[in-house]
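One structure is given below, encoded as structure tokens.
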Amino acid sequence: FSEGLMHGRGTYTWKNGIKYEGDFSLNTPTGHGTYTWKDGSTYVGEVLNGIRHGQGMFTSADQSISYTGEWNKAKRHGKGTIYYNKEGTSWYQGDWVNNVREGWAMRRQVHFQGYLFW
């Protein structure tokens, strides 16, 4: 704490069950940290003003889907890879714009032996 505000490393849990462990600046999650949702989903990475922003990894509770890459204002934006299964054998790697796959990319699907480019 600094002047009565959360500042530095710490942990905070909101009433809705979302927990944040990481850096705080003037009561706001900012820097590097980990969010954990009630269902067990997690985000580990950079945070700005309380939201995913910068490099980070989101993993769903059952680990069936995960995304590693760039975030902008809590949306996948920039270069990133999304995995569609726990084994990591089905994935999309490429460009994202406001949570939408866009631009050059590669994709591998379990039922398809090879790579798709577009």
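The values are calculated or read from the model by the stated rules, or taken from the named source; none is laboratory data. Because the structure is a prediction, the values reported are computed rather than measured. All Cβ positions, glycine included, derive from the backbone under ideal geometry; neighbour counts span all protein chains shown. Keep in mind that these areas ignore ligands, DNA and RNA; they rest on the heavy atoms of the full protein, side chains included. Shrake-Rupley method; radii C 1.70, N 1.55, O 1.52, S 1.80 Å.
Could I have the simple spin-label model distance between Lys15 and Glu87, label points 7 Å from Cα toward Cβ, reported in nm to one decimal? Label at Lys15, label at Glu87, 4.5 nm between them.
Share of carbon and sulfur in the accessible area of the stretch 1-100 stands at 52%, probe radius 1.4 Å.
According to the Cα gyration tensor, what semi-axes, each the square root of 5 times an eigenvalue, does the equivalent ellipsoid of the chain have, listed from largest to smallest in whole Å?
Details: eigenvalues 204, 49, 15 Å².
Working through the eigenvalues yields semi-axes of 32, 16, 9 Å.
Please give the contour-minus-distance gain from Ser25 to Ser2: 0.36 nm per residue of separation, less the Cα-Cα distance, rounded to one decimal in nm. If you can, show how the numbers build up before the last one.
Details: separation 23, 0.36 × 23 = 8.28 nm, distance 0.93 nm.
Once the chain is fully extended between Ser25 and Ser2, it gains 7.4 nm.
For the listed peptides 6-12, 41-47, a ranking on the average number of other beta carbons within 10 Å per residue, highest first, reads 41-47, 6-12.
For His32 and Asn99, calculate 0.36 nm times their separation in residues minus their Cα-Cα distance, and state this gained length in nm to one decimal. Write down the numbers at each step before the final one.
On the way: separation 67, 0.36 × 67 = 24.12 nm, distance 2.12 nm.
That works out to 22.0 nm of additional length.
In a DSSP loop and with at most 16 other Cβ atoms within 10 Å, the trypsin sites (Lys or Arg not before Pro) in the stretch 65-113 are Lys73, Lys86. Show which lysines lie in cross-link reach of Lys86 when reach means a straight Cα distance below 29 angstrom and same-chain residues fewer than eight apart are skipped. Correct list for Lys86: Lys19, Lys38, Lys73, Lys75.
Provide the packing ranking of 63-71, 31-39, i.e. peptides ordered by the mean count of other C-beta atoms within 10 Å per residue, highest first.
Per-residue Cβ counts within 10 Å, averaged per peptide and sorted highest first, yield 63-71, 31-39.
A 1.4 Å probe run over the protein chains yields, for the chain, 62 Å² of accessible area per residue, whole-number rounding. Give me the tail of P(r) for the stretch 50-113 as a percent: Cα-Cα pairs with distance above 18 Å. Of the Cα pairs, 35 percent sit more than 18 Å apart.
Distance between the pseudo-spin-label points of Lys75 and Met106 (7 Å out from Cα toward the beta carbon): 2.7 nm.
Compute the signed sum of charges (Lys and Arg +1, Asp and Glu -1) over the other residues within less than 12 Å, Cβ to Cβ, of Tyr83. Neighbour charge sum, excluding Tyr83 itself: +2.
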